[in-house]
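To keep things clear, I will list the structure first and then write my remarks on it.
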Amino acid sequence: MKPTVSRRDVLAGSAALATVPLLGSHVHSAAIPAQELKVDANAVQWPLVGGSGPMTEVWCYGNRVPGPELRVKQGQPIRVIVRNDLPEETTVHWHGIRLPNAMDGVPGLTQKPIKPGETFTYEFTPPDAGTFWYHPHSDSLRQLGRGMAGALIVEELQPISVDRELVWMIADWRLTREAQIAPGFGSMMDAAMAGRLGNTVTINGAISNEMPVKAGERIRLRLINSALARMMALRFEGHRPVVVALDGQPCEPHVSERLLLGPAMRADLIIDMQGEPGNRYRIVDDFYPDLSYWLTELVYEAAPALRTQRLDTPALPRNPLTEPDLTSAERQELTLQGGMMSSGGMMGGMMGMGGMGNSAPWAINGTSMTGDGHAGMTPLMTLKLGRSYVFTIRNETAWWHPMHLHGHSFRVLTRNRTPVAHHQWMDTVPIAPKETAEIAFVAENPGDWMLHCHVADHQVSGMMTVLRVG
Ligand code: C2O
Ligand code: CU
């Protein structure tokens, strides 16, 4: 496996990279009053590594990395005109939004791909408040891996009051020594193992060394893992972040000691800055054993605390999701198959593909749908509109798979038969090697919906299927 390199290794590669701009200059995305928005996909030079380091040639939306932050109020319609200035086809998927099938952005399945020079208008009204994001669903590995992603924030009508709100789009890049995006997208090694892990993790389009905070302030931090493949487990040294939503959907507020955030997952945290004025506290990602690194550091101003009293953390208002009826739910099984047996290299061998004459490394229920979506994909099954379903998803492989269902949110009922607290609503459930998860939802949105692993290499090489509703 390509070793994960921390920011320090990248920085050590060139003295010129030693000074990196403060995170502060990248934290506030240009929030555009939504209604009508232009999202262009252009080749752009972007200061990912910062300082006087080389610029990185990226593909992105609206000439920036990440793309423009789109913000609407819950229930407010949004209209986005996408003009494709890439040398290839694209589409935009609004990850986690429950929207009409024709707006879902899956090429061939829900719309014609947007050809170079063409435009397409997406129009929908997000029913749920929360932290969502947008990304291409065409040549996903390259387009997302080269920088095409942005935040879509749907504000509650009554948000939790905080001193500041931050949105962190976290991305993981595989860069060369010259800070260019490394070639080799879609290699068999990446595809059959952990996916294209990078060597440079950025927050809002830049390596981050510090994040200035004031003692006593309350921050709402919206985290979005937009990585192609990197699973993250975040620890906030000296702090007690309270999780108030996962994948945009409110949860029972609870303190997280180590926040698991797989590709495409989001978390909304309320963090009271309880550190000492003048001190520094790291945010560490130690998901991969032996490859832990720090994402950034909370750096306290010297000024005394803004407030010293403890604040309660109220729950966010619920979204209008339909409760699945578990007693009458129809049961279905999905088995995730394939991949290398372990990280022991090619010696490990492929598993579970049972001589189907199938060259794709992954499959769901014995079938490998590959690519990003195309015309003529045969649904694995047809779900009845309005009916409740419980899906048992069995991961027979040796790898993690963050499984995403389009057009719906689902409750996670159990993991390895152990009930999940409060049956959290999610749209992307990270399933550990050999783990079985049960999810429940109402098939309430008619159309053909993708269900796939959000490790982009896994998706495009077989861990994808289509569910038809109605
Ligand atoms: Cu963000 Cu098909 O996914
Ligand atoms: Cu996967």
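The values are calculated or read from the model by the stated rules, or taken from the named source; none is laboratory data. Small disclaimer: the values here were computed from a predicted structure and weren't measured. When we count neighbours, we look across all protein chains shown, and the Cβ atoms used for this are built from the backbone with ideal geometry, even at glycine.
As a summary of the residue check, Val420 satisfies the conditions (1) hydrophobic (A, V, I, L, M, F, W, C); (2) within 16 Å of ligand 2 (Cβ to nearest atom); (3) modelled with pLDDT under 95 except for the one numbered (2). All of Asp172, Asp272 fail the test of being touching a His at 6+ places or on another chain (Cβ under 9 Å), of a type in the set (Asp, Glu) and modelled with pLDDT of 95 or more, apart from Asp272. Which residues, counting only those in region 395-421, are of a type outside the set (Val, Ile, Thr) and either in a loop (DSSP other than H, G, I, E, B) or surrounded by fewer than 16 Cβ atoms within 10 Å (Cβ to Cβ) (or both)? Those that are of a type outside the set (Val, Ile, Thr) and either in a loop (DSSP other than H, G, I, E, B) or surrounded by fewer than 16 Cβ atoms within 10 Å (Cβ to Cβ) (or both): Glu396, Ala398, Trp399, Trp400, His406, Gly407, His408, Ser409, Asn416, Arg417, Pro419, Ala421.
Condition first: in a strand (DSSP E or B) and within 25 Å of Lys112 (Cα to Cα). Now tell me which residues in region 362-388 satisfy that. Break it down stepwise before answering.
Going through region 362-388, the residues in a strand (DSSP E or B) turn out to be 362-364, 367, 369-370, 381-383, 388.
Within region 362-388, Thr367, Met369, Thr370, Met381, Thr382, Leu383 meet the criteria.
Collect the residues in region 294-344 that are within 26 Å of the chain's Cα centre (by Cα) and hydroxyl-bearing (Ser, Thr, Tyr), keeping them in residue-number order. Answer for region 294-344, where residues must be within 26 Å of the chain's Cα centre (by Cα) and hydroxyl-bearing (Ser, Thr, Tyr): Thr296, Thr313, Thr322, Thr335, Ser342, Ser343. Any idea which of (1) within 13 Å of ligand 1 (Cβ to nearest atom); (2) under 22 Å from Leu86 (Cα atoms); (3) in contact (Cβ under 8 Å) with a residue 60 or more places away in the chain is the one Gly147 doesn't satisfy? Failed condition: (1).
I want to confirm something. Restricting to region 370-403 and keeping residues that are within 16 Å of ligand 1 (Cβ to nearest atom) and touching a Lys or Arg at 6+ places or on another chain (Cβ under 9 Å), which single residue is nearest to Val106 (Cα to Cα)? Result: Pro379.
Restricting the first member to region 68-90 and to residues that are over 14 Å from Tyr122 (Cβ atoms), and the second to residues that are part of a loop (DSSP other than H, G, I, E, B) and among the charged types (D, E, K, R), the beta-carbon pairs closer than 8 Å and six or more apart or on different chains are Gln74/Asp128; Gln74/Glu156; Glu88/Asp139; Glu89/Lys115; Glu89/Asp139.
If only residues of region 288-343 that are acidic (Asp, Glu) and modelled with pLDDT of 95 or more are counted, the one that is nearest to ligand 1 (Cβ to nearest atom) is Glu333.
When His458, His422, His408 are checked against the criterion of being under 20 Å from Gln249 (Cα atoms) and within 16 Å of ligand 1 (Cβ to nearest atom), a single residue qualifies: His408.
Do we have Thr382 as within 16 Å of ligand 2 (Cβ to nearest atom) and modelled with pLDDT of 95 or more here? Give the steps one after another, and end with the answer.
Working: within 16 Å of ligand 2 (Cβ to nearest atom): no; modelled with pLDDT of 95 or more: yes.
So Thr382 fails the test.
Hand me the list of strands (runs of 3 or more DSSP E) wholly inside region 93-162 holding 3 or more residues that are at pLDDT 95 or above.
Details: elements: 119-124, 130-136, 150-155.
In region 93-162, the matching strands (runs of 3 or more DSSP E) lie at 130-136, 150-155.
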